[in-house]
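We did not get these values from a lab; they are worked out from the coordinates using the rules stated. As the structure is a computational prediction, the values presented were derived from the model and not from experiment. Note that we place each Cβ from the backbone using ideal geometry, even for glycine, and neighbour counts take in every protein chain shown.
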Amino acid sequence: MSKISLAVEVAGLRLRSPLMNAAGVLGMSPPILKRVYDSGAGAVVTKSIGPAPRTGHPNPTLVRVSCGALNAMGLPNPGAEYFVDEIKALKEMGVPVVASFFGGSVEEFAEVASTLSKAGADALELNASCPNVQEELGMLASDAGNVEKVTATVREETRLPLFVKLSPNVTDIKEIAMAAERGGADAITAVNTLKGMAIDINFKRPILTNTTGGLSGPAVKPVALRCVWEVAEAVDIPVIGCGGVTTWEDAIEYLLAGASALEIGTAVMTHGFEVYGQVNEGIRRYLEMNGFSGIKEVVGLAHQIGEEQDSRADRCSIRV
Ligand code: RRO
């Protein structure tokens, strides 16, 4: 049995493993999230919680596509007040909880953050990036000014570690990440789903009732990995990678790109709860075989090697 620890500290949150589930994929039922933890995750992330109960979009809300899934759930959730007991139940079971949350306005974001902090969550993940919203703020993560304002307002409501989850559906994710950092975010989660759609060729109509939805799974990994790379270069706070992580090799790529922790979502649908244990084991073997003593030594390493290559290239071009 290997002695290498997979423990990480992200924005002041100590986790026994860098893995979490991605918000939404497994809902918010405490026994199901407990299974994620028992399968090897360091913490669990709830489905995004809003200020009031919400049924979400009518079915169909999920469709499998090649290399992934498209969803347009429409933020279904029972409302923050209802969720207080669910957080308490998870805490009683010894599970570290990251409460994902959203609002339709600056005030609603602040109100929900306050309720979830008091409920005993270990950290908050501000969902600035649902692709399936038509609220007052639209998709928050598409506007740097709004991201900074909301993050700063939420920051005043809570002392908990605050992650801000960004969208890949923007021109320049670095700009948005820097706005979240200025607003007081402790970490950036990169990224939410990529906006997409699927059409039923027999009915000749979009399959999702919402027409468009968010693409997740292996199909988005190269895009999400690029986002993590760019965000890691733009901010000084930790980055949490999210998008198509299925194997330990995916996880290592994300760590090398600059992620300090990872969220795994769609792979649970395709590979079951075991995915957390399998990815943990693969990371541990990789660390061992490459002579690393912990995760921290790998985080962002590809950037340093990139710099070395650049300086080698400079030296070559001077010689030429
Ligand atoms: O509920 C959803 O439709 C949803 C959310 Br809140 C999100 O953040 N990302 C996504 O793909 N779907």
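The table below lists the values:
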| item | result |
| --- | --- |
| Most mobile of PRO131, PRO206, PRO78 in a GNM of the chain (Cα contacts under 10 Å) | PRO206 |
| Nonlocal amide H pairs with ALA52, under 5 Å, H built at 1.01 Å | ALA80 |
| Under-5 Å amide H pairs with GLU263, H placed in peptide plane, nonlocal only | MET20, GLY241, CYS242, GLY243 |
| Mean Cβ neighbour count within 10 Å, used as a protection proxy, ranking 198-204, 284-290, 175-181 highest first | 175-181, 284-290, 198-204 |
| Proximal lysines relative to LYS165, as straight alpha-carbon distance under 26 Å, when same-chain residues fewer than 8 apart are discounted | LYS34, LYS47, LYS88, LYS91, LYS118, LYS149, LYS174, LYS195, LYS221, LYS296 |
| For THR189, distant residues with modelled amide H under 5 Å away | VAL164, LYS165, LEU166, ILE240 |
| Centre separation in Å (Cα based) which lies between segment 179-207 and segment 118-163 | 15 Å |
| The chain shape via C-alpha gyration tensor axes, a/c threshold 1.5 | rounded |
| Rounded if a/c under 1.5, otherwise prolate or oblate - segment 42-201, Cα gyration tensor axes | oblate |
| J(HN,Hα) series, segment 179-193, from Karplus relation 6.51 cos²θ - 1.76 cosθ + 1.60, nearest Hz, glycine and proline x | 5, 5, 4, 4, x, x, 5, 9, 7, 10, 9, 10, 8, 6, 6 |
| Table column - 3J(HN,Hα) (Hz), segment 220-225, Karplus curve with 6.51, -1.76, 1.60, x for Gly and Pro | 8, 4, x, 5, 5, 4 |
| Cα-projected label distance for ALA52 with GLU297, points at 7 Å along beta-carbon direction, nm | 5.4 nm |
| In Hz, Karplus ³J(HN,Hα) per residue of segment 238-246 (6.51, -1.76, 1.60; θ = phi - 60°; x = Gly, Pro) | x, 10, 10, x, 8, x, x, 5, 10 |
| Whole-angstrom gap from segment 55-70 to segment 254-284, using each part's C-alpha centre | 22 Å |
